[in-house]
1. With respect to residue 466, determine if the residue is farther than 30 Å from residue 545 by Cα, in a strand (DSSP E or B) and touching an Asp or Glu at 6+ places or on another chain (Cβ under 7 Å).
2. Among strands (runs of 3 or more DSSP E) lying entirely in the range 206-264, which contain 3 or more residues that are within 21 Å of residue 31 (Cβ to Cβ), open to solvent by less than 10 Å² (accessible area, probe 1.4 Å) and modelled with pLDDT under 90?
3. Could you list, in sequence order, the residues of the range 370-395 that are open to solvent by less than 30 Å² (accessible area, probe 1.4 Å) and either at pLDDT 90 or above or in a strand (DSSP E or B) (or both)?
4. How many residues does the range 226-264 contain that are more than 21 Å from the chain's Cα centre (by Cα) and closer than 30 Å to residue 71 by Cα?
Amino acid sequence: MRLALSGIFLATTCLVPALAADFNATSRIDHVTVYPQGADVTRVTDVSVPAGEHRIILADLPSSVDPRSIRVEGEGSSPLEIASVDTKSQYIDQAARDAERKALEKQIAALYDERTALDQAISDANQQRSFLIGLTDKQIVPQSADQTVKGIDVTQLAGLLDLMGTRLAGLAKSIQDAQLRQRGIDEQVNDLSAKLNALSPTNAYRTETIINVAAGAEMKGTLRVSYRLMEAGWSPYYDARLSTSDAGTAKLQMVRRAEVTQYTSENWDNVALTLSTTRPTGSTAAPDLDEEEVMAQIEYDKRLRSEIAPAAPVAEAPVMDAMELGTAQGNAGRKDEEALAEKKDKPAKSVEQRQAVIELAGFQANFVIPGRVSVDTTGQAKKVRISSDEHDAKLVVETVPRLDANAYLTASFTVKGEAAMLPGAANLYRDGVFVGQGYVPLLNAGEDATLGFGVDDLVKVERKEVKKSVGEEGLLTSSNVEEHAWDITIKNLHKGKMAVHVLDRMPFSASEKIEVETLPGMTAPTEKDYKKRRGVLSWSFDLEPAAENVIKTGYRIAWPQDMRIGQAE
């Protein structure tokens with residue numbers, strides 16, 4: 001029989017009667033769904049209660065649990081009714097936890113001492129092996145040019161080899177046993193360290209929940225209890241790996257990863273982890289837009305004064321005491337918020353990484369991380385891999401020589417995958433070499449995107465001023481005139497053809513008295529007002545190997561003699 005019990009908080013793994021009708025309950029965390037801010041935690045327990053009315057007491061939940069988020073469901077052999085649920089803060093005595101921590105620290109220190117002794121034993125055994133091998137060598141091989149070759153007795157030689165084999169085998173066995181023991185020590189230390197982390201200092205208070213239940217008959221089954229915490233979250237980051245070639249299409253592999261952190265005062269040990277793109281702490285509806293009326297300033301001032309002046313005395317609101325204020329602020333805060341393979345006769349195989357299963361649920365995506373993971377409560381980020389997609393990339397060398405003499409390799413691609421790519425940092429690799437960090441904006445499947453992959457040293461750029469003049473012109477009326485011109489030279493040293501994109505700018509005027517025009521003989525841009533930015537010029541072209549292209553750009557400004565002008569960047 002399936003039990004769907006909503007609106008309560010229950011967390012148990014075993015039920016041990018404390019009083020006639022009371023059961024102390026403990027539990028384990030089985031599944032966690034983490035949002036960009038906040039998390040839903042699910043605990044699982046096997047329960048067994050006799051017929052009658054009982055109180056199930058839970059005392060190991062974090063103090064920051066939102067009581068309104070508690071939900072319970074499960075399956076059992078007979079119905080279980082929930083009469084009421086009470087919660088209260090319970091003070092934690094840290095003395096027992098501190099004593100247990102000290103005992104664990106002593107065990108870890110003793111294991112480290114044993115491991116150090118084993119290191120010395122291994123070193124001594126290796127020295128004995130070297131000594132025995134050297135001693136045998138002295139008995140057979142002359143140690144100097146003056147020493148004659150000794151006659152070798154076959155019987156003595158056999159005995160010597162038997163002795164050496166026995167001794168060396170014994171030493172090898174001792175070394176192997178010591179190394180195996182060290183491996184066991186490392187495993188013990190890892191286990192004890194995990195227990196030590198679980199006993200780290202916690203909040204002084206926990207949430208104690210008392211659930212009043214009634215069972216018509218003995219009930220055995222499994223309950224799943226979920227609740228919401230705000231001290232957790234995840235953020236995406238990416239590995240962008242670009243593979244280029246002189247011939248053929250470039251490939252871009254986008255590896256999606258995530259960092260998961262939590263400060264919930266409870267360790268998520270060996271849990272099933274899901275990352276959701278839902279943002280439950282954000283706004284859930286569009287804001288209201290007020291009316292905007294245009295009126296005379298006199299009418300506006302009059303209305304403003306009437307709104308400021310109180311029409312009648314207002315009763316003073318009651319003042320919250322400290323406890324009520326803390327509770328209100330806490331409730332408002334809750335509401336608003338990732339062995340070497342054996343090498344014998346088999347060929348080497350590449351190491352593969354697990355990826356998440358992507359579940360599209362209506363308007364959001366859930367990334368189900370494979371296997372089980374542990375996220376401790378120290379805030380140390382747990383890094384997991386979500387997915388990997390390979391894209392065809394179009395390479396373009398982009399340069400803005402007015403600001404930077406370097407040419408930068410950029411890759412354009414169309415986003416693949418089922419789920420949106422959330423904003424995050426990207427580690428950039430070009431042909432296996434790390435070139436820096438970039439940023440991925442919010443991108444949906446099918447959108448076009450561009451990433452920069454660092455300076456391209458095989459494309460040379462030079463911007464040289466070839467004309468600069470300032471003077472006057474005119475017969476009847478004089479005007480100030482200023483002329484500037486540059487040559488931009490781009491040379492391709494690649495073995496293949498490269499697409500090049502050059503950006504520059506010229507000033508523009510919004511005044512009829514100031515004239516700005518392009519000088520004659522200049523290279524016409526491919527696009528004016530690039531990306532709707534006035535005066536920004538763009539030239540796009542393909543450049544053959546060992547070829548160069550010269551772009552000529554320049555302008556003329558004329559303005560009245562009695563006017564001073566300035567240029568706004």
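The values are calculated or read from the model by the stated rules, or taken from the named source; none is laboratory data. Just so you know, these numbers come straight off a predicted model, no measurement behind them. When we count neighbours, we look across all protein chains shown, and the Cβ atoms used for this are built from the backbone with ideal geometry, even at glycine. Calculation scope for accessible area: heavy atoms of the full protein, side chains included, ligands and nucleic acids excluded. Shrake-Rupley method; radii C 1.70, N 1.55, O 1.52, S 1.80 Å.
1. When the stated conditions are applied, residue 466 does not pass them.
2. Qualifying strands (runs of 3 or more DSSP E): 219-229.
3. Within the range 370-395, 373, 375, 384, 386, 387, 391, 393 meet the criteria.
4. 3
Yes/no per residue for (1) modelled with pLDDT of 60 or more; (2) open to solvent by less than 70 Å² (accessible area, probe 1.4 Å):
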position: 113; (1), (2): yes, no
position: 122; (1), (2): yes, yes
position: 126; (1), (2): yes, yes
position: 129; (1), (2): yes, no
position: 134; (1), (2): yes, yes
position: 143; (1), (2): no, no
position: 151; (1), (2): no, no
position: 156; (1), (2): yes, no
position: 160; (1), (2): yes, yes
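Here's the yes/no breakdown for (1) open to solvent by 30 Å² or more (accessible area, probe 1.4 Å); (2) under 38 Å from the mean Cα position of the chain (by Cα):
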residue: 488; (1), (2): no, no
residue: 509; (1), (2): yes, no
residue: 514; (1), (2): yes, no
residue: 518; (1), (2): yes, no
residue: 521; (1), (2): yes, no
residue: 525; (1), (2): yes, no
residue: 529; (1), (2): yes, yes
residue: 544; (1), (2): yes, no
residue: 549; (1), (2): yes, no
